[in-house]
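The values are calculated or read from the model by the stated rules, or taken from the named source; none is laboratory data. Since the structure is predicted, the reported quantities are computational estimates derived from the model, not experimental observations. Cβ placement follows ideal geometry from the backbone for every residue including glycine, while neighbour counts extend to all protein chains displayed.
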Amino acid sequence: MRRIIAILLQNEAGALVRVAGLFSARGYNIDSLTVAATHDPAISRLTLVTSGDDAVIDQIVKQSRKLIDVLEIADLSRSDHLESELLIVKIGLAGLAAAEFDACMRRHPAACVVDQGAGSRVVQFSGTGRDVNAFFAELSNLAPVLELARSGTAAVGRGDVVLTPRT
Amino acid sequence: MNAVLEDPPETTGHPLAGAAMSGADVVVQVLADEGVEVVFGYSGGAILPVYDAVFRYNHEHPKADGAEPLPLIVPANEQGAGFMAQGYARASGRVGVALVTSGPGATNTVTPVRDAMADSIPIVVLCGQVPTGAIGTDAFQEAPISNIMAACAKHVFLVTDADRLEATLRTAFEIARTGRPGPVVVDIPKDIQNAELRFRGSGTLPLPGYRARLRAIDTATLDAARCAAFFDALGRARRPLIYAGGGVIAGDAAGALRDFARAFAMPVTTTLMGLGAVDTTEPLSLQMLGMHGTAFANYAVEDCDFLIAVGARFDDRVAGVPQAFAGGARYIAHFDVDPAEIDKVKRADWHHLGNLARALDTLRIYGLQHGFRPREQDRYAPWHAHLAALKRTHAMNYDRASAQIQPYAVIEAINAITRGRAIISTGVGQHQMWAAQYFDFREPRLWLTSGSMGTMGFGLPAAIGAQFARRDLPVIDIDGDASIRMNLGELETVTTYGLPIKVVVLNNAGDGMVRQWQKLFFKGRFSATDKSLHKKDFVRAAQADGFEWARRLADPAELPAVIAEFVAFDGPAFLEVVIDPDAGVYPMVGPGMTYAQMITGDFIASRQAQPAAVEAGPSEMF
Ligand SMILES: Cc1ncc(C[n+]2csc(CCOP(=O)(O)OP(=O)(O)O)c2C)c(N)n1
Ligand SMILES: [Mg+2]
């Protein structure tokens, strides 16, 4: 089962390597990993998408929590949450079905063209993994895909619950 | 993040607060402040400033008797230093320290660091590193120690900001000794060692997550409701059994465990790492369980209806088949300090995360106050009688009539003299298991063995480290002819420092334990495990390294006299014993097998029909 794990990490040299190393050493798979500093520059937030049954996820959370730099860790998929991924696609203009492309962009308000070259356009889209997949499937039918960059999932819990570092 | 806890120098109360020091001097001063009394290490270019600082410190601070306050013990190989630090830590409960240079010096300590992690042993390894400006340039003797060690250690620090050096060192000791103990590596670039600093005298790095989790475990108590739930379930049990692991030793909970077991007349079996948690000579001790546990301990695990796991983790050498392990236990209670061990292998019906000794004391007092007095009520009399019968019927035994020296007899002869009051270290293999099975262990921290990693070469350097921790006790290394070769260079270290260590090599001409598996699982094809044509003369090797007492024992008739002389010798002594090369380790619960499939060999009675000739295919299990 797909799970989203959020980790607040002390922004120390090597901390990210230790998290990633733990996952590979213990044979946990990482489907996607997103990391950046938070509003507190001393703290990074990692969002990890992985999969496993309850026992595996329980071990992943408990073993990760033993890392010295880990401030807090939560399985966001246990409760209602919001998640988003970013997609950036460069498409070629040769062979572009222009009218259909415009219609597609209108159907997806989350999509926009962020750059235009002589022979290409860059389209950006954000949404859940499923939305990104659906949008990309449509787009790739309308235009030749030259390049694709996609972020991992970022996620937060819904409502007033806040994941804060323990002190 | 630069937020080192700021203590203005004048307020820390340290007599040296505010003093100007080099980074290297800071290292040595923190070691002294941490109560370090011996450092195991090997010098080299990238750690020279610290070695020089130790030299100066020892010169300037002689002890009352003129001795050095921070003696540097130099091994033959940095792996030896790591295991010496471990031996010191295992025997004393204090943090052991190794000090090595960059690159090869540091990588040589990977094995002892991983070994310490696997057995939860607190050590701090300080490594020199190339100067910060040279990191990442493929500099001479550069190795990515923080990456390598991150995968092996409890934690690793690469000090890149000299201002954080002092707090980092103090924090390293804190992390090593707290919670579930383990190894911490501090990688110190040479320019940091040479930096001009002002000593603070106190302060650690902020570790809010780690410390909050520690506090939660440290302050966890058992409330009346949890105690009641425990005794409710226990009250329905007739055959309780305590299964104690290395956590009892690491957590200094042996006293509380003994009180608990005694108060409720409960039998105890321990893991390899838990030997010494209870006095193995007591009637209710069943000695070791598991792959090579006693038959009676393993039968007791099969027969118990209530299992109390204390500081033990159901590892594959104990619970090869977790579903089948303690299959008759209707209730499992689990005490630990590591949340990740709860329900990892075997679901517990009741568990407590917290200080083991305090939890056991709380439960004992609660039980007694609430009228749980199985001892007075003779509640477990049938269970005790059953266990006594198991111990009688399935006692450890071997071929006592053999014309060849039996390894078990060697251990028994030594044990008859030391009687559970000596420190025993081992290599890895059959001799390790024979030592675990045939020695008495009366106190914690007398049994030093590489349990989880099973590292050959552990025994000799661990014995050296232990002797520095316990000058008052005899230290005996029971080693194998193959294991001792791994760190044979440390024989000389024994004589260099005049340590009265006794080294026994049980020579079965090869890798006996591997041969045992080859017999069982590979139809007796002894691929690369036979050393009968090897040329080594162990006695001459020991003599060449300065052992005045070095002998080879091959005649069984001489065994008692030679052992007596060997143990009594006042100084380092080396004894090679030529043993029956076919002697096996029994009982044996094969890898991936259940206790019901335990084979007991020809000299220990089994209560199951024994498989005629085990002709198993190559086992998938390890
Ligand atoms: C460093 C290392 N390499 C390999 C092994 C695998 N191994 C386990 S026991 C053993 C044989 C040990 O032989 P010896 O020390 O003579 O002990 P014996 O079993 O003969 O008593 C080997 C090779 C190991 N445990 N450690
Ligand atoms: Mg051998």
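Only residues that are within 13 Å of chain B (Cβ to nearest Cβ) and farther than 14 Å from residue A:68 by Cβ: list them for region A:3-26, please.
In the first step, residues of region A:3-26 are kept if they are within 13 Å of chain B (Cβ to nearest Cβ); the result is A:7-26.
Matches in region A:3-26: A:20, A:23, A:24, A:25, A:26.
Starting from residues that are out of contact with any strand residue (DSSP E or B) (no Cβ under 9 Å at 6 or more places or on another chain) and part of a helix (DSSP H, G or I), keep the ones in region B:502-530 and report whichever is nearest to ligand 2 (Cβ to nearest atom). Filtering first and then ranking leaves B:514.
Selection over region B:217-231 of residues that are touching a strand residue (DSSP E or B) at 6+ places or on another chain (Cβ under 8 Å) and either within 14 Å of chain A (Cβ to nearest Cβ) or among the small types (Gly, Ala, Ser) (or both) gives a count of 3. Taken over region B:326-381, the residue count meeting the criterion of being of a type in the set (Val, Ile, Thr) and within 14 Å of chain A (Cβ to nearest Cβ) is 3. Among the residues of region B:560-579, some residue qualifies, meaning at least one is part of a loop (DSSP other than H, G, I, E, B), under 30 Å from residue B:390 (Cβ atoms), within 28 Å of the chain's Cα centre (by Cα) and within 16 Å of ligand 1 (Cβ to nearest atom).
For region B:57-100, filtering for residues that are touching a residue at least 24 places away in the same chain (Cβ under 8 Å), within 27 Å of residue B:191 (Cα to Cα) and charged (D, E, K, R) leaves 1. The residue list B:533, B:499 contains one member that is farther than 22 Å from residue B:109 by Cα, more than 14 Å from every other protein chain (Cβ to nearest Cβ), within 16 Å of ligand 2 (Cβ to nearest atom) and not in a helix (DSSP H, G or I), which is B:533.
Residues that are touching a strand residue (DSSP E or B) at 6+ places or on another chain (Cβ under 8 Å) and either among the aliphatic types (A, V, I, L, M) or within 14 Å of chain A (Cβ to nearest Cβ) (or both) were ranked within region B:475-496; the one that is nearest to ligand 2 (Cβ to nearest atom) is B:482.
Of the strands (runs of 3 or more DSSP E) lying entirely inside region B:235-353, the ones with 1 or more residues being among the acidic types (Asp, Glu) and either outside the structural domain of residue B:180 (by TED's automatic domain parsing) or in contact (Cβ under 8 Å) with a residue 60 or more places away in the chain (or both) are found at B:331-336.
Being assigned to a strand (DSSP E or B) and in the same structural domain as residue B:177 (by TED's automatic domain parsing) holds for only one residue in B:21, B:84, and it is B:21. Against the conditions (1) closer than 26 Å to residue B:194 by Cβ; (2) outside any strand (DSSP E or B); (3) not hydrophobic (A, V, I, L, M, F, W, C), residue B:128 satisfies every one except (2). The lone criterion from (1) within 16 Å of ligand 2 (Cβ to nearest atom); (2) in a loop (DSSP other than H, G, I, E, B); (3) modelled with pLDDT of 95 or more left unmet by residue B:546 is number (1). Only one entry of B:220, B:225 meets the criterion of being part of a helix (DSSP H, G or I), over 26 Å from residue B:35 (Cβ atoms) and either at pLDDT below 95 or out of contact with any Asp or Glu (no Cβ under 7 Å at 6 or more places or on another chain) (or both), and that entry is B:225. Scanning region B:179-193 finds one or more residues that are more than 13 Å from chain A (Cβ to nearest Cβ), over 20 Å from residue A:26 (Cβ atoms), in contact (Cβ under 8 Å) with a residue 24 or more places away in the chain and in a strand (DSSP E or B).
Please go through region B:136-168 and pick out each residue that is under 29 Å from the mean Cα position of the chain (by Cα), more than 11 Å from chain A (Cβ to nearest Cβ) and in a loop (DSSP other than H, G, I, E, B). Result: B:143, single match. Within region B:444-485, how many residues turn out to be surrounded by fewer than 24 Cβ atoms within 10 Å (Cβ to Cβ), within 10 Å of ligand 1 (Cβ to nearest atom) and either assigned to a loop (DSSP other than H, G, I, E, B) or of a type in the set (A, V, I, L, M, F, W, C) (or both)? Residues that pass the stated criteria total 3. For residue B:445, the conditions (1) without any contact (Cβ under 8 Å) to a residue 24 or more places away in the chain; (2) on the phi > 0 side of the Ramachandran plot are fulfilled apart from (1).
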